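Written out below as structure tokens is the structure these notes cover.
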Amino acid sequence: NVTVDDAVLSNKAAELVFKEAIKVIPENVAFRSECLEVLKDFDEMEHLQNLICKSLLEDCSHLPQTWTVLVQQHSRDVQLSSLTEEKAVALFKEVTETFMKGLESVDHAKAEVWSSYIDWQVEFLKELPKCSFAKEKLLQCCEEVICDDCITEELLLLAIETTSKYGSPKAVGKLCSLGVDKFPTSESIWLKRLRDCSGVTMEMFSNCLKSLPGSSAIWEYYLTWCLNNCLPNEVEQAFKSGVKHQLKNVSSVCTKMYLKWLFKTKPIKEVRTQYIQLVAYHIPTSI
């Protein structure tokens with residue numbers, strides 16, 4: 001039988017091993033995270049867990065991964081779906097304070113801390129879908145990241161996608177508009193703006209194509225939009241502009257779409273004539 005003294009000595013030995021290990025790998029967050037993961041299956045390990053968390057703060061507070069590990073430790077043994085509203089609020093506040101400390105402590109890669117914070121809030125809301133304050137805080141967070149100097153394209157896309165799921169179309173439109181101003185050459189953000197938001201105009205497409213002239217995905221969506229929103233002569237002019245594009249990937253997509261449109265809207269004789277002209281100009285490898 002294991003005695004109390006044995007348990008104490010065992011814990012002490014583990015503590016000594018851990019302290020020696022982090023002298024060799026002082027900024028290794030993954031090692032500390034693995035230790036915490038192992039300890040969760042043992043009783044009476046709170047002292048050692050606290051020691052590991054303290055070492056993270058002392059040695060690794062400048063690393064974004066540290067704050068993700070610390071937050072996981074906050075809610076490691078918590079069954080979110082069974083929390084009362086009072087306890088849910090308390091946990092949310094505790095985790096938010098941890099992340100805010102992380103943003104203050106991390107010199108670089110703050111976007112990773114923001115991403116972890118948004119991911120945690122999404123998981124929290126999945127477990128407590130009726131928790132209105134959590135939804136409000138999540139959407140507020142998605143608005144705040146756009147104003148942070150650390151914002152990256154990946155983080156902004158996460159904020160837009162999260163807002164698309166939990167927020168209003170107006171909120172999504174606002175983020176997308178700010179997004180294309182910050183990242184004018186981001187194909188992903190432009191496509192979000194054009195596809196998911198209202199108020200799309202020809203001027204908007206013009207600005208987009210100036211920023212991303214070689215994007216076949218943007219050209220394809222632009223021509224599709226023209227088919228639904230423009231007069232036939234305007235549609236044809238848009239197609240011809242794309243067909244004559246100097247980049248093959250764009251002209252190929254536009255030529256295929258143009259021929260399909262001609263086949264649906266023009267007499268077969270005219271379609272054949274246009275086809276011959278396209279072959280003479282620069283037919284893509286396959287139509």
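In 5 Å bins starting at zero, report the fraction of Cα pairs in segment 94-146 per bin as a rounded %.
With a bin width of 5 Å, the distribution comes to 4, 20, 30, 26, 13, 5, 2, 0.
Just to be sure I understand, if you calculate mean projected area of the Cα convex hull in nm² for this structure, which of (i) 27.8; (ii) 22.3; (iii) 19.4 do you get?
(ii)
Ignoring ligands, DNA and RNA, please state the percent of accessible area on segment 164-259 from carbon and sulfur, probe 1.4 Å.
The nonpolar share, carbon plus sulfur, comes to 52 percent.
Report, in deg cm²/dmol and to the nearest 500, the calculated mean residue ellipticity at 222 nm for the chain, where each DSSP H run with n ≥ 4 adds -39500 (n - 2.57) and the sum is divided by the residue count. Provide the component values of the computation, followed by the final result.
Numbers: 15 runs with 218 residues, N = 287.
Taken over the chain, the calculation gives -24500 deg cm²/dmol.
In sequence order, what are the phi-derived ³J(HN,Hα) couplings for segment 23-37 according to the Karplus relation 6.51 cos²θ - 1.76 cosθ + 1.60 with θ = phi - 60°, rounded to whole Hz, with x for glycine and proline?
3J(HN,Hα) across segment 23-37, in whole Hz: 5, 7, 10, x, 10, 8, 6, 4, 4, 5, 5, 5, 4, 4, 5.
Over every pair of different alpha-carbon atoms in segment 73-219, take the mean of 1/r and invert it; report that Kirkwood radius in Å.
Details: mean 1/r = 0.0602 Å⁻¹.
Across segment 73-219, the inverse of the average 1/r is 16.6 Å.
Using the Cα atoms of segment 8-86 to build a convex hull, what is its mean projected area in square nanometres?
6.1
Rounded to whole Hz and in sequence order, give me ³J(HN,Hα) for segment 89-96 from the Karplus expression 6.51 cos²θ - 1.76 cosθ + 1.60, θ = phi - 60°, writing x for Gly and Pro.
4, 4, 5, 4, 5, 4, 5, 4
So which lysines pass the test for Lys165, namely a Cα distance under 21 Å, with those fewer than 8 places away in the same chain ruled out?
Correct list for Lys165: Lys126, Lys130, Lys135, Lys137, Lys174, Lys192.
Whole Å is fine, so just give me how far the alpha carbon centre of segment 91-156 lies from that of segment 22-83.
So the separation of the two Cα centres works out to 19 Å.
Across segment 209-265, how many lysine pairs separated by 8 or more positions, or lying on different chains, have Cα atoms within less than 18 Å?
11
Can you give the local net charge around Cys254? Use residues other than it whose beta-carbon is closer than 13 angstrom to its beta-carbon, Lys and Arg +1, Asp and Glu -1.
+3
Just to confirm the filter: which trypsin sites (Lys or Arg not before Pro) across segment 1-110 are DSSP coil and have at most 13 other Cβ within 10 angstrom of their Cβ? Mind dumping the intermediate values first?
Numbers: sites: Lys12, Lys19, Lys23, Arg32, Lys40, Lys54, Arg76, Lys87, Lys93, Lys101, Lys110; in loops: Lys40, Arg76.
Those satisfying the criteria are Lys40, Arg76.
Given a 1.4 angstrom probe, what's the average accessible area per residue across segment 207-283, in square angstrom? Could the numbers behind the result be given before it?
Numbers: 4630 Å² over 77 residues.
Per-residue value: 60 Å².
Hey, could you grab the Kirkwood Rh for segment 47-143? Inverse mean 1/r over distinct alpha carbon pairs, Å, one decimal.
13.9
The values are calculated or read from the model by the stated rules, or taken from the named source; none is laboratory data. This is a predicted model, so every value here is computed, not measured. Heads up, the Cβs are rebuilt from the backbone with ideal geometry, glycines too, and the neighbour counts pull from every protein chain shown. Side chains are part of the model used for accessible areas, which takes the heavy atoms of the whole protein and leaves out ligands, DNA and RNA. Shrake-Rupley method; radii C 1.70, N 1.55, O 1.52, S 1.80 Å.
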